[in-house]
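The values are calculated or read from the model by the stated rules, or taken from the named source; none is laboratory data. Predicted model only: the values in this text are computed from it and were never measured. As a convention, Cβ positions derive from the backbone with ideal geometry for all residues, glycine included, and neighbour counts pool all protein chains shown.
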């Protein structure tokens, strides 16, 4: 051995494979302002579109007069629902089985609804144009409070559904009803409640908020009249789905549609669905034969494209007097706004809300969800969470705290008593899921030890005494949250979008010199796929991650995938990548056997190549085998080294975590101070610990924002009062707490590399930790539940209502 | 979020700016840092036909000590205030307040003249100027005049500025050596306007308050001087009962609007707390 021979450790390190804190390769361009986003795209002759929007939440559109607008220099067209009707596109299907107006057809149903689309030679003229379109409205009574949407005399919102007693998800029981979805055994659950020693019941609201990615929704559509081909560059989280939707509704052959998601500046669920802007830009391009750009501004993004949450969950738990939970019953009133534009898998109108039994072995449960229409923006997307999982986690985690309070038990102790035990996995929940793996007790205990949980409770007790004695005006809350996510939609047996199974895909092509390219059906919106996907391949086939280019987002080159949301990229696309790599490795093994003149079974894999068992000097590196694949393959074998895999996951993955938030609140001002936030995550095999940490930091920051102030709020007339970042709480680095992260590793037994999703866990687990901290702080003053968001004035209001303010 | 079309003018002297504003009339607006006007234009809540950019006028910049007064050119940015040794030495409360305005990017562009002249009740500097007894130099087609800050504000966005007039500089009497000061601002986040804020400048003698001025931000359609509250504390040692009375007197003149920062009752309540905290902290700083 000479000194130049790399050690095993050096060979391993050179790969920068799984487990390596590899620096993000995409950041070289992002940190230098060299990203390539939709709005960076400038095509020759490109036109610009902008929307006339409704100032009313509910009104009849009496007339639209475009005369003055058409006289403005540069304005070329004003498109209305009447124009779209000529191509049968005045309405479009939603991913949730509903239909949605592209442009106001006879009436408007929410403030800032799209009424007309002005096309002009530049953005200034387009904006001049929208201000010159004259629309005559006749205001109608509005439905804003979801609890009155199904009143007998509530105004009829969806006249297009008149007489339809059945919707996409079964019977409708009122003209403003969308669907009812139930799951679980009602009789058994009712019986558990009858027998229970202790029950709690609380209406727990998860308010309406918005994913608000920094880059808003936008697109450029370019129709070539000669070839009949339509190219669409857009901020899409699922570009292939967009291509298929366009093919189905615009009746353009799918091979003539090219959908490209370039760099995307955050999605968080906001960029999964299809929006009127995409349809209008496409129609405008088809009509004019020129490229048309549509770029949403911040106000439009917050007020018109998909919101999240707005779930009002009447939550009941039944338990024995010593704290064993025996039943869970939840009714949800789900406010979908004017159109049901959820982006859930098609058969799941309330997403995976039936994960609401959480991390606990609850023997019986029943859930019913009523979706309703109101005069608010449409949607109900999964804002950095798997479908309705954050609502479910908030529901059960608040519920457990409320139950602990009623039982006089410590909330951590109550959780430990009810956790699913490690030996119970795979665990079948009362509401129908099969949890793949978990070790909740270990995670919880590690969290409690790391933060000195008992010490925090002692400190809290003494601070409460001091408060009662009048020595301090601060109260202290300790918020515990233990969440189980369900991510990686999903198995074809129960997940599809518009009939397309929710698989994902990867195609790997290795080049003769030992480098290669992998194309994947997912689409990074900031998650760092260009970095992590190459790490999976590096470990699987021994080619350094630096030598693998990752490409996503171009439907002409990437294999069909269902996109990135619901933390599905690693569970589904990540698995497809590993499987494609394994196909390549299998072929490489055959080539190695041929070259080394042994049987394949006599070879063993060793970091970056194959070695003959017992003869360590007989070795072929993967790099050698790449070259060989192009000139020295065994007789009868096709040359080349590439593979494609479409992965249909056998199950979801179930990441989990133990979070704790320590907070002090000044009761006189309601100002809070986050003293400590500790997040332990278990996402199975960790591909890139640095990126995981970054994901946790980002998701916790969103959770902090949502719990402590971020909301889309409407006044009684249906005006959005939080339509800009002046009022919609978007924390800066100054407000954001310091995050402590930790982990345990419980691999997924069914995933090729044992990995689970992670990007959304901190949003799911973080919100209940913050809210539980606030509620825990106030609980000794006699409250059971205070609704989010917990901004300063609401904290003060809570203190006031509880009689905690100085006279 | 795209403004309408407008003509852009960049005069090199105050005289030229006044001439432009006078001749162009109501359809012209002066442009300083632009942090209020430009968003209004992008939302088309303002659509001036002419913008008269004051950035080309060198005479509108600078900070000078002149005897017992400090004079600040209207186009001096918040960042320049923060970088000034003279401000840190003579008017530390101005330094403290400028730091609480928005974020560094905004402070690089935002000017003190724009902040005080716009009449926005959310701005921090107007109440502080009233507290400090500052006066504004207004120059217009009919010459120059001085208006004290406490008489400048007439309503939300309504000020003593006459058509064609520009606020060109601010003159602030330097508070007595050893004075105490504090600007207490409750805000939801960086970049937010105050939920309520209070400015206090006071002097102490023999453990008692010798002089005191209290200004209030964003609790009324104009900035306020809490004169009764200030009168109540003079001659006292700021004992708890006095603090409570002073806060109550300040709250009595507040009339904030309910908004996303909270209902009226909350904003008044925390306004009182800001007064108490500013008085307490200012007193502790006296020498």
Review point. In the stretch A:713-728, what residues are in contact (Cβ under 8 Å) with a residue 40 or more places away in the chain, surrounded by fewer than 23 Cβ atoms within 10 Å (Cβ to Cβ) and either at the interface with chain B (Cβ under 10 Å from one of its Cβ atoms) or under 21 Å from residue B:187 (Cβ atoms) (or both)?
Key: A:713, A:722, A:723, A:724, A:725
Point to revise | Residue list for the stretch A:110-134, restricted to those being away from every other protein chain (no Cβ under 12 Å), assigned to a loop (DSSP other than H, G, I, E, B) and surrounded by fewer than 19 Cβ atoms within 10 Å (Cβ to Cβ) | key: A:121
Practice item. Would you check if there is a residue in the stretch A:688-696 being closer than 28 Å to residue A:436 by Cα, in contact with a strand residue (DSSP E or B) (Cβ under 6 Å, 6 or more places away or on another chain) and in contact (Cβ under 8 Å) with a residue 12 or more places away in the chain? Key: yes
Review point. If you check residue B:194 against the conditions, is it crowded, with 24+ Cβ neighbours inside 10 Å, modelled with pLDDT of 95 or more, touching a strand residue (DSSP E or B) at 6+ places or on another chain (Cβ under 7 Å) and outside any strand (DSSP E or B)?
Key: yes
Review point. Going by the structure shown, is residue B:215 over 30 Å from residue B:158 (Cβ atoms), at pLDDT 95 or above and outside the structural domain of residue B:108 (by TED's automatic domain parsing)?
Key: no
Study note, to complete from the structure: Residue hits (the stretch B:39-55; within 14 Å of chain A (Cβ to nearest Cβ) and touching a residue at least 12 places away in the same chain (Cβ under 8 Å)) are B:41, B:42, B:43, B:44, B:46, B:47, B:49
Practice item. Hand me the list of helices (runs of 4 or more DSSP H) wholly inside the stretch A:368-450 holding 3 or more residues that are under 25 Å from the mean Cα position of the chain (by Cα), in the same structural domain as residue A:331 (by TED's automatic domain parsing) and over 24 Å from residue A:569 (Cβ atoms). Key: A:389-407
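Residue by residue, here is whether (1) in a loop (DSSP other than H, G, I, E, B); (2) at pLDDT below 95; (3) within 14 Å of chain B (Cβ to nearest Cβ) holds:
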residue: A:742; (1), (2), (3): no, no, no
residue: A:745; (1), (2), (3): yes, no, no
residue: A:749; (1), (2), (3): yes, no, no
residue: A:752; (1), (2), (3): yes, no, no
residue: A:759; (1), (2), (3): yes, yes, no
residue: A:767; (1), (2), (3): no, no, no
residue: A:774; (1), (2), (3): no, no, no
residue: A:783; (1), (2), (3): yes, no, no
residue: A:799; (1), (2), (3): no, no, yes
Revision key, fill the gap. Checked against (1) touching a strand residue (DSSP E or B) at 6+ places or on another chain (Cβ under 8 Å); (2) within 11 Å of chain B (Cβ to nearest Cβ); (3) closer than 22 Å to residue A:309 by Cα, residue A:655 satisfies every condition except (2)
Exercise for review: Among the strands (runs of 3 or more DSSP E) lying completely within the stretch A:452-524, list those that include at least 2 residues that are over 17 Å from residue A:534 (Cβ atoms) and in contact with a helix residue (DSSP H, G or I) (Cβ under 8 Å, 6 or more places away or on another chain).
Suggested key: A:474-484
Check your understanding: Could you say whether any residue in the stretch B:205-218 is within 14 Å of chain A (Cβ to nearest Cβ) and closer than 23 Å to residue B:125 by Cβ?
Key -> yes
Review point. From the set of residues in the stretch B:31-67 that are more than 22 Å from residue B:11 (Cβ to Cβ) and in contact with a strand residue (DSSP E or B) (Cβ under 6 Å, 6 or more places away or on another chain), which is surrounded by the most Cβ atoms within 10 Å (Cβ to Cβ)?
Key: B:63
Check your understanding: Can you tell me how many residues in the stretch B:255-287 are surrounded by 14 or more Cβ atoms within 10 Å (Cβ to Cβ), more than 10 Å from chain A (Cβ to nearest Cβ) and farther than 26 Å from residue A:728 by Cβ?
Key -> 9
Check your understanding: Could you say whether any residue in the stretch B:62-84 is in contact with a helix residue (DSSP H, G or I) (Cβ under 8 Å, 6 or more places away or on another chain) and either farther than 28 Å from residue B:183 by Cα or within 14 Å of chain A (Cβ to nearest Cβ) (or both)?
Key -> no
Review point. Residue B:52 fails exactly one of the following numbered conditions: (1) at pLDDT below 95; (2) outside any helix (DSSP H, G or I). What is the number of that condition?
Key: (1)
Point to revise | Positions within the stretch A:641-683 being over 35 Å from the mean Cα position of the chain (by Cα) and surrounded by fewer than 16 Cβ atoms within 10 Å (Cβ to Cβ), in sequence order | key: none
Review point. Does the stretch A:664-673 contain any residue that is within 11 Å of chain B (Cβ to nearest Cβ), out of contact with any helix residue (DSSP H, G or I) (no Cβ under 9 Å at 6 or more places or on another chain) and in contact (Cβ under 8 Å) with a residue 24 or more places away in the chain?
Key: no
Point to revise | Flag for residue A:795 being surrounded by 23 or more Cβ atoms within 10 Å (Cβ to Cβ), in contact with a strand residue (DSSP E or B) (Cβ under 6 Å, 6 or more places away or on another chain) and within 14 Å of chain B (Cβ to nearest Cβ) | key: yes
Check your understanding: Checking residue A:522 against (1) under 24 Å from residue A:698 (Cα atoms); (2) assigned by TED's automatic domain parsing to the domain that holds residue A:687, which test does it fail?
Key -> (2)
Practice item. Restrict the check to the stretch B:169-189 and report whether at least one residue is within 14 Å of another protein chain (Cβ to nearest Cβ) and free of Cβ contacts under 8 Å to residues at least 24 places away in the same chain. Key: yes
Point to revise | Residue check for residue A:300: at negative phi, in contact with a helix residue (DSSP H, G or I) (Cβ under 7 Å, 6 or more places away or on another chain) and touching a residue at least 12 places away in the same chain (Cβ under 8 Å) | key: no
Point to revise | The listed residue being surrounded by fewer than 16 Cβ atoms within 10 Å (Cβ to Cβ) and modelled with pLDDT under 95, out of A:617, A:597 | key: A:617
Check your understanding: If you check residue B:120 against the conditions, is it within 14 Å of another protein chain (Cβ to nearest Cβ) and within 30 Å of residue B:11 (Cα to Cα)?
Key -> yes
Exercise for review: Take the stretch B:1-31 and flag every residue that is under 30 Å from residue A:112 (Cβ atoms) and either assigned to a helix (DSSP H, G or I) or within 14 Å of chain A (Cβ to nearest Cβ) (or both).
Suggested key: B:1, B:2, B:3, B:4, B:5, B:6, B:27
**Study point:** Of the criteria (1) within 14 Å of chain B (Cβ to nearest Cβ); (2) at positive phi, which one residue A:710 fails
**Key:** (2)
